[in-house]
1. Given K151/K199; K9/K100; K321/K356; K146/K199; K146/K187; K199/K304, which pairs have Cα atoms separated by over 26 Å?
2. Looking at region 4-196, what % of the alpha carbon pairs are farther apart than 20 Å?
3. With Rg and the Kirkwood Rh both taken from Cα atoms, where does Rg over Rh land for the chain?
4. Round to a whole angstrom and tell me the spacing of the C-alpha centers of region 269-285 and region 176-249.
5. Defining a contact as two alpha carbons under 8 Å apart and six or more residues distant in sequence, what relative contact order in percent does the chain show?
6. Could you tell me the calculated FRET efficiency between L69 and T4, based on Cβ-Cβ distance and R0 = 25 angstrom, to the nearest 0.05?
7. Whose amide H sits under 5 Å from the amide H of Y201, counting only residues 5 or more places off or on another chain, with H placed in the peptide plane?
8. Using the crude model of +1 on Lys and Arg Cβ and -1 on Asp and Glu Cβ, and no other charge, please compute the dipole size for the chain relative to its Cα centre, in debye to 20.
Amino acid sequence: MDTTQIRSKFAELYGEPGILFTSPGRINLIGEHTDYNGAFVFPGAVDKAMVAEIRLNGTDRVRAYALDLGESAEFGLREEDAPEQSWARYIFGVCREIQKRGGKIGGFDTVFAGDVPLGAGMSSSAALESTFAFALNDLFHLGIEKMELAKIGQATEHNYIGVKCGIMDQFASVFGQAGKLIRLDCKSMEYEYHPFDPKGYRLLLVDSVVKHELASSAYNKRRESCEAAVAAIAKRHPEVKFLRDASFAMLDEVKAEISEEDYKRASYVIGEVDRVLAVCDALDKGDYETVGQKMYETHHGMSKLYEVSCEELDFLNDLAKELGVTGSRVMGGGFGGCTINLIKDELYDRFVVEAKSRYEAKYGRTPKFYDVVISDGSRRL
């Protein structure tokens, strides 16, 4: 991302230059609706990021300017100083969460901007939180470990934005590495890197530009289905605490004791745990055809078993399959948003043209396309 505008705005507002910090957005290749089931997610950082120029100002006030919005905010560092603007609350929340952990920080001046697309499921908010958590840790020499920086971002969402998110988005933004995806175990928080260097392929997000109102009840009902299946299985197998611990054989034992809906939801999750592990093995061997096949299997599960897809996403997925795309699935919670597609270089142009024209013809909306490259996490520039 070009930082010239950030630099010039910072000089105009505050004079002396500061230091540039950045944190990326993320994709999740596979492992969806697995986090709250104690299982694996498999994210990577992308080449779209937030960038902030920051300089300590020797006061107890923060002066911030959001370049993309053309808005400024100024606030103190006590709980009662919370700013009005929602974007400023992310920065304020990070400051407060650092202070709650004993970190001694002071005021600073900042200008920030980003090229993480909003609403496309690449976690622009986590990129913003991670940028400031990483920067303040660096500038004030706090010595906070990377996992705690991710948790500071997550706690900011919980306590200052009102979003009860998991840890994946902030984790991927902080821990990302170019050419590697990260398998995170949401139960133990252990993680390992796997190579992602798909020579001859590209990763493309196709934004359906629809967001069906997800009654929060739909999400909660799926969690309840998973918990009901676990409760039934645990009567026979007390070691099972999450669906991640269960097998298809265990699920079949209780089929008559749970609703058909609960059975379908649980079978998706158990299958998804297996698929994440299969994709890790395939990547270690450089086998991108298997990766693609597992992506299609995940989409089928999310659409038919977990039922969190929608007509537009199923249309894009069917189109990908018809045109010979290696892998495609809905990315994120579902009910709208993007598909993530693994496409051979030679098919790329045709797919974009066909997807655009056929989607427009059917739905009267123009989809958006985002190329992504797996990139490094939080850092100084």
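1. Going by Cα-Cα distance, K151/K199; K9/K100; K146/K199; K199/K304 fall outside the 26 Å limit.
2. For region 4-196, the share of Cα pairs beyond 20 Å comes to 53 percent.
3. Numbers: Rg = 21.6 Å, Rh = 21.8 Å.
Taking Rh as the inverse mean 1/r over Cα pairs, Rg/Rh reads 0.99.
4. 11
5. So the answer I get is 23 percent.
6. Values: r = 18 Å, r/R0 = 0.73.
For R0 = 25 Å, the calculated efficiency reads 0.85.
7. Amide H to amide H, under 5 Å and 5 or more residues apart or across chains, Y201 pairs with D345.
8. 260
Read-outs: derived from the displayed coordinates by stated rules, not from any lab. Only a predicted model underlies this, so the values are computations on that prediction, with no experimental measurement involved. Methodologically, a virtual Cβ is constructed for each residue, glycine included, from the backbone with ideal geometry; neighbour enumeration extends over all protein chains shown.
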